[in-house]
């Protein structure tokens, strides 16, 4: 069993990468602000801590018998300005602690007199940032190395970094949330030319096969070119189809007409009854073939014109009168009368003249074919509820209990007409032609026997 894969829309293809890029940018903004804030705050605090350590080292001086340690309150006030932190210090001369915390670790690399050395160590349950400063002190006429270690906890720095990180996270979230509507707007802007092009093509009628000249972005040019090529091929195919149907109608009907005329001529000239019987059978077969071929071509024409219909204003009453005049000789050959009740005014409809003619021809032909000799066929043209209505009523065999819907199916005939030649396409042609022009077709039993066929088409205006 093959799984159905749902194609991803172009909008999703555009929006999802934009949102993914926005999410990456938001994370980068957060990380850059967080890292930058940590480094900036650490550099600032290290500078203050180093300045304080240098100040302590400068306060040291040599005295009688040793070094004099003078811890100025100014030094500690500098560190107190950075927040409520714990401060640890150690002053050592020749490696011996003079004052402060004797267990405060010294740096791995001894400091120089040029600049402080900074390092971080765990000390008494806290993480301590220490600045180490070294200088030389003359004690007992000897240069002795003096080392000052000044450490400070960094809880304040962590609090500052956390606040900045939270602000960075909020900024990143705002960037992502702003990217959602902007991504949708960008996708809509990119897809708008496609929608505009589709709308321009969709507004065309079924017979409008001109090349597309609608302005489109350069990226859509290959698609428009391919579509114009397809339209050109379709136009050529439809033209060939229409030409084939017209030529087929001519090349099929003409030989059959010649064959029938020759058979009738031979029938008049021969006196042998057996030959006359065969010629009559031949004439009936030719008539059946001509009728079937004609209806097959009519059906092909209706199918073609239904998709390519050229709507124009057609006077349905005038077309009915012309069709009655054409079928009157055929009816008179069977001693029938076509009684037309004309409309009191023109009945303009928006239709295809070819489809209207095919529908009327098959309605009247069916009425004549299934009606007995010496009967009348009543035809009427009228208006009803915004429709132009053509009604053809005969005194034929009726529907014979067959479902009306079934009689509209191709090659489907009633159960009571098996002895009458037919192809089962006449009512199909009428129904499809009516549907193509926005109308409808109905068959009903006629009171007193027979059938009424009703063709309704919307009135123009």
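The values are calculated or read from the model by the stated rules, or taken from the named source; none is laboratory data. All figures in this text were calculated on a predicted structure; none of them were measured in a lab. Cβ atoms come from the backbone with ideal geometry, glycine included; neighbour counts cover every protein chain shown.
Here are 147, 109, 153: which of them is over 60 Å from the mean Cα position of the chain (by Cα), surrounded by fewer than 19 Cβ atoms within 10 Å (Cβ to Cβ) and assigned by TED's automatic domain parsing to the domain that holds residue 48?
Details: 147 fails: surrounded by fewer than 19 Cβ atoms within 10 Å (Cβ to Cβ); 153 fails: surrounded by fewer than 19 Cβ atoms within 10 Å (Cβ to Cβ).
Exactly one residue qualifies, and that residue is 109.
Looking only at segment 158-173, which residues are under 11 Å from residue 29 (Cα atoms) and surrounded by 12 or more Cβ atoms within 10 Å (Cβ to Cβ)? Working first, answer last.
The first filter runs over segment 158-173 and keeps only residues under 11 Å from residue 29 (Cα atoms), leaving 165, 167-173.
Within segment 158-173, 165, 167, 168, 169, 171, 172, 173 qualify.
Here are the criteria: (1) at pLDDT 85 or above; (2) buried (at least 21 other Cβ atoms within 10 Å of the Cβ). Tell me which single one residue 458 does not satisfy.
(2)
Under 8 Å between Cβ atoms, which residue pairs at least 6 apart in sequence (or on different chains) link something in segment 253-268 that is in contact (Cβ under 8 Å) with a residue 40 or more places away in the chain and assigned by TED's automatic domain parsing to the domain that holds residue 283 with a partner that is in a helix (DSSP H, G or I) and surrounded by 14 or more Cβ atoms within 10 Å (Cβ to Cβ)?
Matching pairs, first to second residue: 253/290; 253/293; 253/294.
In segment 195-210, is there at least one residue being surrounded by 12 or more Cβ atoms within 10 Å (Cβ to Cβ) and within 17 Å of residue 21 (Cβ to Cβ)?
no
Say whether the condition of being without any contact (Cβ under 8 Å) to a residue 60 or more places away in the chain and over 30 Å from residue 19 (Cα atoms) is met by at least one residue in segment 161-169. Steps first, answer last, please.
Kept after step one, since they are without any contact (Cβ under 8 Å) to a residue 60 or more places away in the chain, are these residues of segment 161-169: 162-163, 166.
Add one more test, that the residue is over 30 Å from residue 19 (Cα atoms), and what stays is none.
Checking segment 161-169: not a single residue is without any contact (Cβ under 8 Å) to a residue 60 or more places away in the chain and over 30 Å from residue 19 (Cα atoms).
Kindly state which strands (runs of 3 or more DSSP E) lie completely within segment 54-138 and contain at least 1 residues that are modelled with pLDDT of 85 or more.
Details: elements: 61-63, 66-68, 87-93, 96-100, 117-123.
Answer list for segment 54-138: 87-93, 96-100, 117-123.
Can you go through 193, 181 and tell me which one is assigned to a helix (DSSP H, G or I), within 27 Å of residue 25 (Cα to Cα), outside the structural domain of residue 233 (by TED's automatic domain parsing) and at pLDDT 80 or above? Let's see the steps before the verdict.
Details: 193 fails: within 27 Å of residue 25 (Cα to Cα).
Within the list 193, 181, the selection yields 181.
Quick one: would you say residue 41 is assigned by TED's automatic domain parsing to the domain that holds residue 124, farther than 19 Å from residue 136 by Cβ and free of Cβ contacts under 8 Å to residues at least 24 places away in the same chain?
In short, no.
Across segment 312-327, what is the total count of residues that are over 21 Å from residue 434 (Cβ atoms) and surrounded by 15 or more Cβ atoms within 10 Å (Cβ to Cβ)? Give the steps one after another, and end with the answer.
Let us first name the residues in segment 312-327 that are over 21 Å from residue 434 (Cβ atoms), namely 325.
Narrowing the set further to residues that are surrounded by 15 or more Cβ atoms within 10 Å (Cβ to Cβ) leaves none.
Of the residues in that region, 0 qualify.
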